[in-house]
Each structure stands twice: as structure tokens, then as C-alpha cells.
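In what follows, a single structure is set out as C-alpha cells and then discussed.
The values are calculated or read from the model by the stated rules, or taken from the named source; none is laboratory data. What you are looking at is a predicted structure, and each value in this text was computed from that prediction instead of being measured. Glycine also receives a Cβ, built like all others from the backbone with ideal geometry; neighbour counts cover every protein chain displayed.
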Ligand code: AMP
Ligand code: MG
């Protein structure tokens, strides 16, 4: 299959033609990757079960890992799910934006989207290109991240093509993804609101709006156990994995810098291609290995993380050593992805 790539321009007429072309592909059950403010999504007509099934095939995604449905606005999203009063307030405050809300589904939502669950995850994205596609197509678009399963989510059209070229019909390219990490997933379908996946809409922001405590993603994951059946099925799969082993060094800043220098020196002495992921403040303190400066704060580092992991893969990294970040606000989402990428290789100093 040939994958058509169309670039969004400043010419509105041309952009509308691109959206019309994408709509045609979606109507015929095809797959279109498009940018959102979080990461690139791989879209299909959410009300067409065969089209949704193709998403799983193209990504190599386990079929019990449901898809997020994107709607053009909150009023339209209400056709898919039962919104209670609190969820209406959340939608008013955070949509369009990087918040996905899990709610009881309505009968029109196919099992192929929800993996058979009685809930559906819905989001109204803010990105102008995503908005343009949703409005011009006037469809519900099911879209997980547009990467092969297990690879870092794509933040650039090139990442999508590297993983999915020839497996999908079309990519709408527009390199203004800005958050760089996937949306916050908030479960509003049970008694206590719970964050299933942290993202750019933070626990603190949601609690301020709801005026009540919200469970953090961290508290939902048990230490171990084979029968782990998480609320967000995606949580049980290894994610965001670079090919190299990634070591995450958390805790006291000075001690962490010292340990990273020691580990990097050892790895380099063993002839291993070594990368260090660091914040701007400390990036200059490392002596061995190649340093990737992720930026000056958690927002910048989040926007750079997946790109950095892909670069490590491309350059044949064998060892990646990353600094830890403070787990508050955006830092929670950033650390959530780093912890998943590190697996068991987490050291606290
Ligand atoms: P992705 O869009 O690739 O980031 O993946 C979507 C994420 O949303 C996965 O982790 C899914 O498990 C989660 N998700 C989708 N639908 C639901 C749902 N109904 N309930 C809980 N989690 C969901
Ligand atoms: Mg994903």
C-alpha cells in the first residue's frame, strides 16, 4: 500500500482539500494519521468496526487495548457517552485540550473501539489540524498514537512514516505537536475519579476544578502480580520502549549527577554506545557518552522525550541513562513515561 503524505500549509483552501481527501479515505474505512497537540494519532471512522480493526492490524496492537474517540466538540461527544454533571464541568474547563474522559458508553459505540468494555474514552483535541479534520469530515475519529505498538509515540510526521509507511493510507503532516506526551486519561465512570494515565492536564488542575481529591495513576498500579487487570488496558503493556536499556536515576540532584557520570564512564569503557538524557541545568556536567539536552523544565523535556528516544534507537544506542524529574504537575506525566521506558532499571540516590 502506498501512504499518501500531505503537508498542511498556510493556504486555507489547499488545507480544506487535504481534509476532504482525508474524509474520503476515512469514509471508505481507511486509516489517516494526523497531528494533535499531544502526539500524532492514527485515525479511523469510529463508528465503522472494520475500519477500527484495521488500526489494530496496522499498529500490531493487542485487540483488548481500546481506542480513544475524538470528537469535534463537547456537544458532539455527548452522543457517544453518558456525561454526568462533573464530566460536563470538566469538558467545559479542559476541552478542547489534552484530557481524555472515560465514561459509560452509548450503544452507537462499536465493541471494536472499546474492546468490549462498557465505557468509552473520549477527547476533543485542540490542535488546529485535528480540529480541521474533525470539522470538515464531521465524523467521530478513533485514534490511538500513530506508532507501531511498543515504540515511542510519534511527535513528528517522520516518526509516523518510519513506523507505518505502507501500512496506512494517509499522513497529514504538520509539525506543530507541542505537548509531546499522550493525553491525560481520567476515569469518570466509577465512584472516585481516577487518573489512569498522567498527561498535560494535571491532577492538581483536575482537583481544583472538581473540588475533590482524584486518585493518581501511580496508586492504581500494584507492585506485582500476574492477574493485574488495570482499568486502562493499555497500562499492562510495556510502552515507550527504546531498543537500548534505559537507566533512570532519581533523587538528590548532585548525587544523581555523580552516579550518572560513574555509570556512563563504565558503559563507555566497555565499548557501549551511551546516551545521557538531562535537563539544561545539568547537561554540561557529564563527561562521557553523548548528552541530549531535554530543555529547562518538565514541559520542554516532555516535548523532547519521544524524539530523543527515537534518536537513540536510530544512532544505535546500547545504554541510555536519564535523569529523574520532580513528580509534580507536568513532571508526573514525564516521569510516568520514563519509568515505563526504564522497566526495572530505576535507581534512587
Ligand atoms: P493511545 O491512544 O495509544 O495512547 O492508547 C489509548 C489508551 O487509552 C490506552 O492506554 C487504553 O487502554 C486507554 N483507553 C481507551 N479506552 C478506554 C476505556 N474505555 N477505559 C479505560 N482506558 C481506555
Ligand atoms: Mg499509544
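Name every residue in segment 314-337 that is surrounded by fewer than 17 Cβ atoms within 10 Å (Cβ to Cβ), within 16 Å of residue 241 (Cα to Cα) and touching a residue at least 12 places away in the same chain (Cβ under 8 Å), in order of residue number.
If we filter segment 314-337 for residues that are surrounded by fewer than 17 Cβ atoms within 10 Å (Cβ to Cβ), which is where we start, we get 314-316, 318, 326, 328.
Restricting the remaining residues to those that are within 16 Å of residue 241 (Cα to Cα) gives 314-316, 318.
315, 316, 318 - these are the residues of segment 314-337 that are surrounded by fewer than 17 Cβ atoms within 10 Å (Cβ to Cβ), within 16 Å of residue 241 (Cα to Cα) and touching a residue at least 12 places away in the same chain (Cβ under 8 Å).
I need a count of the residues in segment 141-170 that are over 23 Å from residue 72 (Cβ atoms) and more than 13 Å from the chain's Cα centre (by Cα).
Total satisfying the criteria: 9.
Checking the conditions here, which among 100, 76 is within 16 Å of ligand 2 (Cβ to nearest atom) and in contact (Cβ under 8 Å) with a residue 60 or more places away in the chain?
Working: 76 fails: within 16 Å of ligand 2 (Cβ to nearest atom).
Going through 100, 76 in turn, just one is within 16 Å of ligand 2 (Cβ to nearest atom) and in contact (Cβ under 8 Å) with a residue 60 or more places away in the chain: 100.
For residue 103, indicate whether it is over 17 Å from the mean Cα position of the chain (by Cα), assigned to a loop (DSSP other than H, G, I, E, B), within 13 Å of ligand 1 (Cβ to nearest atom) and surrounded by fewer than 24 Cβ atoms within 10 Å (Cβ to Cβ).
Details: over 17 Å from the mean Cα position of the chain (by Cα): yes; assigned to a loop (DSSP other than H, G, I, E, B): no; within 13 Å of ligand 1 (Cβ to nearest atom): yes; surrounded by fewer than 24 Cβ atoms within 10 Å (Cβ to Cβ): yes.
No.
Of (1) without any contact (Cβ under 8 Å) to a residue 24 or more places away in the chain; (2) within 14 Å of residue 36 (Cβ to Cβ), residue 85 satisfies all except one. Which?
It is condition (2) that residue 85 fails.
Out of curiosity, is residue 278 crowded, with 17+ Cβ neighbours inside 10 Å, in contact with a strand residue (DSSP E or B) (Cβ under 7 Å, 6 or more places away or on another chain) and more than 19 Å from residue 216 (Cβ to Cβ)? Lay out the reasoning, then the answer.
Details: crowded, with 17+ Cβ neighbours inside 10 Å: yes; in contact with a strand residue (DSSP E or B) (Cβ under 7 Å, 6 or more places away or on another chain): yes; more than 19 Å from residue 216 (Cβ to Cβ): yes.
For residue 278, the condition - crowded, with 17+ Cβ neighbours inside 10 Å, in contact with a strand residue (DSSP E or B) (Cβ under 7 Å, 6 or more places away or on another chain) and more than 19 Å from residue 216 (Cβ to Cβ) - is met.
Pull up segment 123-132, narrow it to residues that are in contact (Cβ under 8 Å) with a residue 60 or more places away in the chain and more than 14 Å from ligand 1 (Cβ to nearest atom), then point me to the one that is nearest to residue 306 (Cα to Cα). Steps first, please.
Narrowing segment 123-132 to residues in contact (Cβ under 8 Å) with a residue 60 or more places away in the chain: 123, 125-127, 129-130, 132.
Going one step further and asking which of them are more than 14 Å from ligand 1 (Cβ to nearest atom), we end up with 126-127, 129, 132.
Working: 126: 20, 127: 19, 129: 21, 132: 25 Å.
The residue in question is 127.
Going through segment 175-186 one residue at a time, which ones are surrounded by fewer than 22 Cβ atoms within 10 Å (Cβ to Cβ) and either in a strand (DSSP E or B) or touching a helix residue (DSSP H, G or I) at 6+ places or on another chain (Cβ under 7 Å) (or both)? Working first, answer last.
Filtering segment 175-186 for residues surrounded by fewer than 22 Cβ atoms within 10 Å (Cβ to Cβ) gives 175-176, 178.
If the condition is that a residue be surrounded by fewer than 22 Cβ atoms within 10 Å (Cβ to Cβ) and either in a strand (DSSP E or B) or touching a helix residue (DSSP H, G or I) at 6+ places or on another chain (Cβ under 7 Å) (or both), then 175, 178 are the ones that fit.
Out of the residues in segment 133-171 that are more than 15 Å from ligand 1 (Cβ to nearest atom), part of a helix (DSSP H, G or I) and in contact (Cβ under 8 Å) with a residue 12 or more places away in the chain, which is nearest to residue 121 (Cα to Cα)? Even if it seems obvious, please write down each step before you answer.
As a first pass, look at segment 133-171 and keep what is more than 15 Å from ligand 1 (Cβ to nearest atom): 133-139, 156-158, 161-162, 165-167, 169-171.
Restricting the remaining residues to those that are part of a helix (DSSP H, G or I) gives 133-137, 157-158, 161-162.
Narrowing further to those that are in contact (Cβ under 8 Å) with a residue 12 or more places away in the chain: 133-137, 157, 161-162.
Working: 133: 19, 134: 17, 135: 19, 136: 22, 137: 20, 157: 24, 161: 26, 162: 27 Å.
Ranking the qualifying residues of segment 133-171, first place goes to 134.
Using the structure shown, decide if residue 207 is surrounded by fewer than 17 Cβ atoms within 10 Å (Cβ to Cβ), more than 13 Å from ligand 1 (Cβ to nearest atom), part of a loop (DSSP other than H, G, I, E, B) and over 17 Å from the mean Cα position of the chain (by Cα).
Working: surrounded by fewer than 17 Cβ atoms within 10 Å (Cβ to Cβ): yes; more than 13 Å from ligand 1 (Cβ to nearest atom): yes; part of a loop (DSSP other than H, G, I, E, B): no; over 17 Å from the mean Cα position of the chain (by Cα): yes.
No, not satisfied.
Residue by residue through segment 61-88, note down the ones that are more than 17 Å from residue 98 (Cα to Cα), at pLDDT 95 or above and assigned to a loop (DSSP other than H, G, I, E, B).
66, 78, 79, 80, 82, 83, 84
Scan 34, 19 and give me the residue that is assigned to a strand (DSSP E or B), modelled with pLDDT of 95 or more and buried (at least 20 other Cβ atoms within 10 Å of the Cβ). If you could, list the steps in order and put the result at the bottom.
Values: 19 fails: assigned to a strand (DSSP E or B).
Exactly one residue qualifies, and that residue is 34.
With (1) away from ligand 2 (no atom under 16 Å from the Cβ); (2) surrounded by fewer than 18 Cβ atoms within 10 Å (Cβ to Cβ) as the list, and residue 162 as the residue in question, which single condition is left unmet?
So residue 162 meets the others, but not (1).
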